[in-house]
Every structure is written in C-alpha cells, then in structure tokens.
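Step one of this worksheet: look at the structure below.
The values are calculated or read from the model by the stated rules, or taken from the named source; none is laboratory data. Predicted model, so just to flag it, every value in this text is computed and none were measured. Counting neighbours? That spans all protein chains shown, and the Cβs are built from the backbone with ideal geometry, glycine included. Note: accessible area is taken over every heavy atom of the protein model, side chains too, but ligands, DNA and RNA are not part of it. Shrake-Rupley method; radii C 1.70, N 1.55, O 1.52, S 1.80 Å.
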Amino acid sequence: PPDHWDVWTFDIARGVPSRVTFGPANYRDPIWSPDGRELAYGVQQPNDMADLYRKSVGGTREEVPLVRDQTAKYPEQWLPGGVVYLTGMTSKDRRVWLRPLADNAPAQPLLGGGFFVDEPQVSPDGRWVAYLSDESGRREVYVEPFRRAGRRVRVSPDGGGQPKWRRDGRELYYVNANGKLMAVSVQPGEELTVGLPQPLFDIKPFQADQDDYAVSADGQLFLVKVPVDSAKGGRLQVVVNAPALQSR
C-alpha cells in the first residue's frame, strides 16, 4: 500500500488528473459541495484521529478545518445547510452529525445511540434521510424524517446497505445482503410510502457500509466498482457520454 493517501480530481472531458491535498497525513473519503466548487474530506493523523476539512477545487485557498476533536470522523454528504459526517466505530459510540457551514458553528446530532448506523443519505428535497442500522440484529436500510418528527420506514426486507437517492427523490437504491442492487419506488408526502424492492443486477463482493456504486441523476446509469485481476492485465475502463453512444 502507499505511504499515505491523497485526494485527487479527474477532468473527464480533458482526461487530466489534479492533486488536491498535499502532506504526510492520509486524506480520505472526499465529498463534493452542492455547487461543485469545494471538497470536504477526512485528514487521518498517525494517532488515527481523522479531522474534517474543506478546500476549494482549482483555487489557491488553503484547506479550512470543519471539525477537530479527539474522535475519528468520516464525511458522508454535503448539504446546502452543512456537512453530514460519522463518528465512532462501534454500536456504542457511532453517531451521525450535521456540521453547519457557518464559522465555529457546533455540530448537531442526527442519528445514533445504542445501534450501529452508517451510510446516511439525505433525500434531494431535504425531508428524509436513508441509512443502515443493525437494530434488528442484521444491517437493514431505513428511511426516516430528516430533523423532524415522523414515522420511520424499514426499506429492506432481507438485509442491505449503501442507500442512494435518485435525483428526483422518487426512487431509492440499495444493495441487499446477497449483493444485488435493488430499486424501490418512493412516494413522498407527510408520510413516506415505499414500494416493493425490485432487483436490478449483482454487485459482488459487497459490504453494507461501503460505497460500491454511484447512480446518475435519472437513475439510468450506474458506475460500479468491480474486482480487477492485475495479474491478467485487467484494467478499469470508464465510459463517458453513454447516451450518445447508445443512439448510434
């Protein structure tokens, strides 16, 4: 493995990579700001404490600390109102927080307490949050109101993780315990109405609390991590402009 990790961006149109972070620490788990001008990421020090920082992309501005304390932190999602992140590693100490972007604003607790929670994803309209929890004895996907009272809904009937929303908030994706990507129709309202999960395709190997795929805004394209056998000369290929290719 490398001596340390850094955060890079890759310009797909020009095929040019650019390094964002520099230093002896491990820089990990980058997430984009809603306007695409900044990144937030964890900076893991030798004592395994990971602080959160933000930095503009392509500019000269130095990185700015978001959260610095004696806990391990993992950024998950950048919302218009702040950065959602995780702390802790076990069911006893795992928590989900929201750090508002205002200077010196304190972090606000969102989820956690007694059960392992992970992969929080707030819906595009900001009304719901999907996440995984092991409170049933296995890791399942749940959706509940975001920062307001209301009924919680269990989405996965047979284990799952890695929830992600379609851009319009009308469909939720997750991977079940068998490593199959599932799609669930969602009808938002005062209470959330969730349909039956429908299988799409396999994603293996699978871990509930990892990020093994990304979905396009319309839910028609998926970018999936797959194992590559380097001994056989395998290479990861990224296909861009797929709709134009399909129309030929």
Exercise. Identify, please: which residue in segment 188-228 is within 17 Å of W165 (Cβ to Cβ) and acidic (D, E) and is, among those, modelled with the highest pLDDT?
Worked result: D218
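Each row is one residue, and each column tells you yes or no for (1) touching a strand residue (DSSP E or B) at 6+ places or on another chain (Cβ under 7 Å); (2) open to solvent by less than 90 Å² (accessible area, probe 1.4 Å); (3) farther than 20 Å from R139 by Cα.
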position: V194; (1), (2), (3): yes, yes, no
position: Q198; (1), (2), (3): yes, no, no
position: I203; (1), (2), (3): yes, yes, no
position: Y213; (1), (2), (3): yes, yes, no
position: A217; (1), (2), (3): no, yes, yes
position: V226; (1), (2), (3): no, yes, yes
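Do we have L196 as of a type in the set (A, V, I, L, M) and in contact with a Pro (Cβ under 8 Å, 6 or more places away or on another chain) here?
On the way: of a type in the set (A, V, I, L, M): yes; in contact with a Pro (Cβ under 8 Å, 6 or more places away or on another chain): no.
Taking the combined requirement at face value, the residue does not satisfy it.
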For this session: Kindly state which strands (runs of 3 or more DSSP E) lie completely within segment 5-79 and contain at least 3 residues that are touching a residue at least 12 places away in the same chain (Cβ under 8 Å) and at negative phi.
Result: 26-32, 38-44, 50-56, 64-67, 73-79
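Restricting to segment 191-205, what's the tally of residues that are within 20 Å of E144 (Cβ to Cβ) and either in contact (Cβ under 8 Å) with a residue 12 or more places away in the chain or in contact with a Gly (Cβ under 8 Å, 6 or more places away or on another chain) (or both)?
The number of residues fulfilling the criteria is 5.
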Problem set entry | Residue satisfying condition, being more than 30 Å from D202 (Cβ to Cβ), open to solvent by 50 Å² or more (accessible area, probe 1.4 Å) and under 18 Å from the mean Cα position of the chain (by Cα), within set R99, R147, R127, R139 | R127
Exercise. Just checking, how many residues over segment 153-179 are over 18 Å from the mean Cα position of the chain (by Cα), among the charged types (D, E, K, R) and surrounded by 14 or more Cβ atoms within 10 Å (Cβ to Cβ)?
Worked result: 2
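Residues are listed down the side, and each one gets a yes or a no for (1) surrounded by 20 or more Cβ atoms within 10 Å (Cβ to Cβ); (2) over 15 Å from W32 (Cα atoms); (3) not basic (K, R):
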| residue | (1), (2), (3) |
| --- | --- |
| S56 | no, no, yes |
| L66 | yes, no, yes |
| A72 | no, yes, yes |
| F115 | no, yes, yes |
Problem set entry | Selection within segment 80-99 - among the hydroxyl-bearing types (S, T, Y), closer than 12 Å to L52 by Cα and either assigned to a loop (DSSP other than H, G, I, E, B) or at pLDDT below 95 (or both) | T87
